[in-house]
Amino acid sequence: MTAQAQRTVLTYGTFDLFHPGHVQLLKRARELGTRLLVGLSTDEFNVLKGKKSVMGYEDRKAVLESCRYVDEVFAEEDWDQKVADVTRLGADVFVMGDDWAGKFDFVADHCNVVYLARTPGVSSTEIKQRMRVQRPADMHA
Ligand code: CTP
(Lines give C-alpha, C1' and ligand atoms only; values in the text may rest on other atoms or scores of the structure.)
Protein backbone atom coordinates (compact mmCIF):
# COMPACT_ATOMS: atom_id res chain seq x y z
CA MET A 1 0.00 0.00 0.00
CA THR A 2 1.33 3.46 -0.82
CA ALA A 3 1.68 6.15 1.82
CA GLN A 4 -1.09 8.13 0.08
CA ALA A 5 -3.52 5.22 0.45
CA GLN A 6 -3.05 5.10 4.21
CA ARG A 7 -5.94 6.53 6.20
CA THR A 8 -5.28 6.84 9.91
CA VAL A 9 -8.10 6.67 12.44
CA LEU A 10 -7.64 7.84 16.02
CA THR A 11 -9.79 7.15 19.06
CA TYR A 12 -9.51 7.41 22.86
CA GLY A 13 -10.86 5.76 25.95
CA THR A 14 -10.32 3.80 29.15
CA PHE A 15 -11.29 0.36 27.81
CA ASP A 16 -11.54 -1.27 31.24
CA LEU A 17 -12.98 -4.82 31.41
CA PHE A 18 -12.87 -5.07 27.59
CA HIS A 19 -16.41 -5.83 26.41
CA PRO A 20 -18.53 -6.11 23.21
CA GLY A 21 -19.30 -2.37 23.19
CA HIS A 22 -15.55 -1.72 22.94
CA VAL A 23 -15.20 -4.35 20.20
CA GLN A 24 -17.98 -2.78 18.11
CA LEU A 25 -16.57 0.72 18.54
CA LEU A 26 -13.07 -0.40 17.52
CA LYS A 27 -14.33 -2.49 14.59
CA ARG A 28 -16.39 0.36 13.16
CA ALA A 29 -13.59 2.86 13.78
CA ARG A 30 -11.08 0.65 11.95
CA GLU A 31 -13.47 0.35 8.99
CA LEU A 32 -13.20 4.13 8.52
CA GLY A 33 -9.52 3.80 7.56
CA THR A 34 -6.51 1.57 7.09
CA ARG A 35 -4.99 1.77 10.56
CA LEU A 36 -6.43 2.45 14.00
CA LEU A 37 -4.49 4.15 16.79
CA VAL A 38 -5.91 4.21 20.32
CA GLY A 39 -5.08 6.80 22.98
CA LEU A 40 -5.55 4.79 26.18
CA SER A 41 -6.25 6.77 29.33
CA THR A 42 -3.53 6.27 31.92
CA ASP A 43 -4.50 5.42 35.49
CA GLU A 44 -3.49 8.96 36.53
CA PHE A 45 -5.65 10.53 33.81
CA ASN A 46 -8.57 8.32 34.82
CA VAL A 47 -8.36 9.89 38.28
CA LEU A 48 -8.71 13.33 36.64
CA LYS A 49 -11.72 12.00 34.68
CA GLY A 50 -13.28 10.70 37.91
CA LYS A 51 -12.84 7.04 36.85
CA LYS A 52 -11.14 4.16 38.59
CA SER A 53 -10.47 1.16 36.41
CA VAL A 54 -10.33 -2.42 37.67
CA MET A 55 -7.50 -3.20 35.26
CA GLY A 56 -4.32 -1.12 35.35
CA TYR A 57 -2.92 0.69 32.30
CA GLU A 58 -0.47 -2.04 31.26
CA ASP A 59 -3.13 -4.76 31.39
CA ARG A 60 -5.68 -2.63 29.50
CA LYS A 61 -2.97 -1.86 26.92
CA ALA A 62 -2.05 -5.55 26.48
CA VAL A 63 -5.70 -6.47 25.89
CA LEU A 64 -6.22 -3.64 23.39
CA GLU A 65 -3.03 -4.55 21.53
CA SER A 66 -4.33 -8.09 21.11
CA CYS A 67 -7.51 -6.81 19.41
CA ARG A 68 -7.35 -7.39 15.64
CA TYR A 69 -8.78 -3.93 14.88
CA VAL A 70 -6.09 -2.04 16.83
CA ASP A 71 -2.73 -1.22 15.25
CA GLU A 72 -1.13 0.85 18.00
CA VAL A 73 -1.85 2.00 21.55
CA PHE A 74 -0.34 5.08 23.18
CA ALA A 75 -0.93 6.93 26.45
CA GLU A 76 -3.66 9.53 26.87
CA GLU A 77 -2.41 11.66 29.74
CA ASP A 78 -4.48 14.84 29.64
CA TRP A 79 -7.52 16.52 28.07
CA ASP A 80 -5.51 18.82 25.83
CA GLN A 81 -3.31 16.49 23.79
CA LYS A 82 -5.82 15.61 21.07
CA VAL A 83 -5.01 18.24 18.44
CA ALA A 84 -1.26 17.68 18.94
CA ASP A 85 -1.83 13.90 18.57
CA VAL A 86 -3.83 14.37 15.35
CA THR A 87 -0.97 16.40 13.87
CA ARG A 88 1.86 14.20 15.20
CA LEU A 89 0.22 10.95 14.11
CA GLY A 90 -1.18 12.27 10.82
CA ALA A 91 -4.73 11.25 11.73
CA ASP A 92 -7.40 11.57 9.02
CA VAL A 93 -10.37 10.60 11.19
CA PHE A 94 -11.05 11.21 14.88
CA VAL A 95 -13.64 8.82 16.32
CA MET A 96 -15.51 8.83 19.62
CA GLY A 97 -18.66 7.14 20.88
CA ASP A 98 -21.72 9.36 20.78
CA ASP A 99 -21.70 9.72 24.57
CA TRP A 100 -19.10 12.38 23.62
CA ALA A 101 -21.16 13.94 20.78
CA GLY A 102 -20.22 17.59 20.26
CA LYS A 103 -17.44 17.55 22.85
CA PHE A 104 -14.62 17.25 20.33
CA ASP A 105 -15.97 19.34 17.45
CA PHE A 106 -12.92 21.62 17.79
CA VAL A 107 -10.79 18.78 16.38
CA ALA A 108 -12.72 19.14 13.08
CA ASP A 109 -10.38 22.02 12.15
CA HIS A 110 -7.66 19.36 11.81
CA CYS A 111 -9.35 16.15 10.56
CA ASN A 112 -12.76 14.50 10.16
CA VAL A 113 -14.60 13.97 13.44
CA VAL A 114 -17.04 11.05 13.67
CA TYR A 115 -19.24 10.11 16.65
CA LEU A 116 -20.34 6.47 16.49
CA ALA A 117 -23.52 5.23 18.19
CA ARG A 118 -22.76 3.38 21.42
CA THR A 119 -23.69 -0.27 21.67
CA PRO A 120 -26.71 -0.33 23.99
CA GLY A 121 -26.83 -2.26 27.24
CA VAL A 122 -23.17 -2.73 28.09
CA SER A 123 -20.46 -0.63 29.73
CA SER A 124 -17.55 -1.15 32.11
CA THR A 125 -19.67 0.48 34.82
CA GLU A 126 -22.56 -1.90 34.16
CA ILE A 127 -20.24 -4.94 34.32
CA LYS A 128 -18.83 -3.74 37.65
CA GLN A 129 -22.39 -3.33 38.97
CA ARG A 130 -23.33 -6.81 37.78
CA MET A 131 -20.30 -8.29 39.53
CA ARG A 132 -21.31 -6.56 42.77
CA VAL A 133 -24.89 -7.84 42.76
CA GLN A 134 -24.63 -11.25 41.14
CA ARG A 135 -24.22 -14.34 43.24
CA PRO A 136 -21.88 -16.95 41.75
CA ALA A 137 -24.87 -19.18 40.90
CA ASP A 138 -26.30 -16.45 38.62
CA MET A 139 -23.15 -16.00 36.60
CA HIS A 140 -22.39 -17.54 33.21
CA ALA A 141 -20.37 -20.73 33.54
N1 CTP B 1 -18.39 2.49 23.87
C2 CTP B 1 -19.40 2.10 22.96
N3 CTP B 1 -20.43 1.32 23.40
C4 CTP B 1 -20.49 0.92 24.70
C5 CTP B 1 -19.48 1.30 25.62
C6 CTP B 1 -18.44 2.09 25.16
O7 CTP B 1 -19.35 2.45 21.77
N8 CTP B 1 -21.52 0.20 25.09
C9 CTP B 1 -17.32 3.34 23.38
C10 CTP B 1 -17.29 4.68 24.08
O11 CTP B 1 -18.25 5.55 23.51
C12 CTP B 1 -15.87 5.12 23.84
C13 CTP B 1 -15.09 3.79 23.85
O14 CTP B 1 -16.07 2.75 23.68
O15 CTP B 1 -15.75 5.72 22.55
C16 CTP B 1 -14.34 3.59 25.15
O17 CTP B 1 -15.29 3.77 26.17
P18 CTP B 1 -15.03 3.59 27.73
O19 CTP B 1 -15.40 4.85 28.43
O20 CTP B 1 -13.70 3.01 27.96
O21 CTP B 1 -16.11 2.43 28.01
P22 CTP B 1 -17.39 2.38 28.91
O23 CTP B 1 -17.80 0.95 28.91
O24 CTP B 1 -18.42 3.38 28.49
O25 CTP B 1 -16.80 2.76 30.34
P26 CTP B 1 -17.50 3.40 31.65
O27 CTP B 1 -18.69 2.57 32.00
O28 CTP B 1 -16.40 3.36 32.69
O29 CTP B 1 -17.88 4.82 31.28
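Some observations on this one:
- Sites residue 119 and residue 77, calculated FRET efficiency, Cβ-Cβ separation with R0 30 Å, nearest 0.05: 0.65
- Solvent accessible area, Å² - residue 103, 1.4 Å probe, full protein context: 120 Å²
- Per residue, the accessible area of the range 22-94 comes to 52 Å², computed with a 1.4 Å probe over protein heavy atoms only.
- Helix-only CD estimate at 222 nm, as mean residue ellipticity for the chain, using -39500 (n - 2.57) per DSSP H run (n ≥ 4): -9000 deg cm²/dmol
- Extension gain, residue 109 to residue 23, is 28.2 nm, computed as 0.36 nm per intervening residue step minus the present C-alpha separation.
- If you plug the beta carbon distance of residue 34 and residue 62 into 1/(1 + (r/R0)^6) with R0 = 25 Å, you get a FRET efficiency near 0.60.
- Accessible carbon and sulfur surface of the range 1-100 relative to its total accessible area, %, 1.4 Å: 51 percent
- Between the residues 33, 75, 6, the greatest Cα displacement towards the positive end of the dipole of the chain, with unit charges on the Cβ of Lys, Arg, Asp and Glu, is found for 33.
- The range 13-98 shape via C-alpha gyration tensor axes, a/c threshold 1.5: oblate
- Protection-proxy order for peptides 71-84, 24-37, each taking the mean of Cβ atoms within 10 Å per residue, highest first: 24-37, 71-84
- Over the range 59-141, the hull volume per residue, using the convex hull of the C-alpha atoms, is 150 Å³.
The values are calculated or read from the model by the stated rules, or taken from the named source; none is laboratory data. Bear in mind that the values here come from a model prediction, so they are computed numbers and not experimental data. All Cβ positions, glycine included, derive from the backbone under ideal geometry; neighbour counts span all protein chains shown. Remember, those area values only see protein heavy atoms, side chains included, never the ligands or the DNA or RNA. Shrake-Rupley method; radii C 1.70, N 1.55, O 1.52, S 1.80 Å.
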